[in-house]
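Student: Okay, handing you the structure first.
Computed from the coordinates by the stated procedures, all read-outs in this text should not be read as laboratory data. Given the structure is predicted, the values throughout are model-derived calculations rather than measurements. Here Cβ is always computed from backbone atoms with ideal geometry, including for glycine, and neighbour counts include all displayed protein chains.
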Amino acid sequence: MGSVAKDILSLSVPERILLVEDIWASIAEVPEEVALTTHQEEELELRLDAYHKNPDAGSPWSAVRERILSRT
């Protein structure tokens, strides 16, 4: 295991979650660099269609995140 992996594992779980969030945010800033498979593109289209048919279904990310974080 590399030293970076060991450093990451030395963090607490909440700290690792924050790290993952930061990494994901940095990826989301450049969506054009994220290659999708055909299956992923089809799935996204299905989900977008479902959203357009019923935009009030589901929960906003802020509510989902709060539920997740309240479990720790």
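Student: Would you tally the residues in the stretch 23-62 being within 14 Å of the chain's Cα centre (by Cα) and more than 28 Å from A5 (Cα to Cα)?
Tutor: Residues meeting the conditions: 3.
Student: For the stretch 43-64, what are the residues that are surrounded by 10 or more Cβ atoms within 10 Å (Cβ to Cβ) and touching a helix residue (DSSP H, G or I) at 6+ places or on another chain (Cβ under 9 Å)?
Tutor: G58, S59
Student: Got a number for residues in the stretch 1-22 being over 15 Å from the mean Cα position of the chain (by Cα) and either surrounded by 11 or more Cβ atoms within 10 Å (Cβ to Cβ) or not aliphatic (A, V, I, L, M) (or both)?
Tutor: Residues flagged as over 15 Å from the mean Cα position of the chain (by Cα) and either surrounded by 11 or more Cβ atoms within 10 Å (Cβ to Cβ) or not aliphatic (A, V, I, L, M) (or both) within the stretch 1-22 amount to 10.
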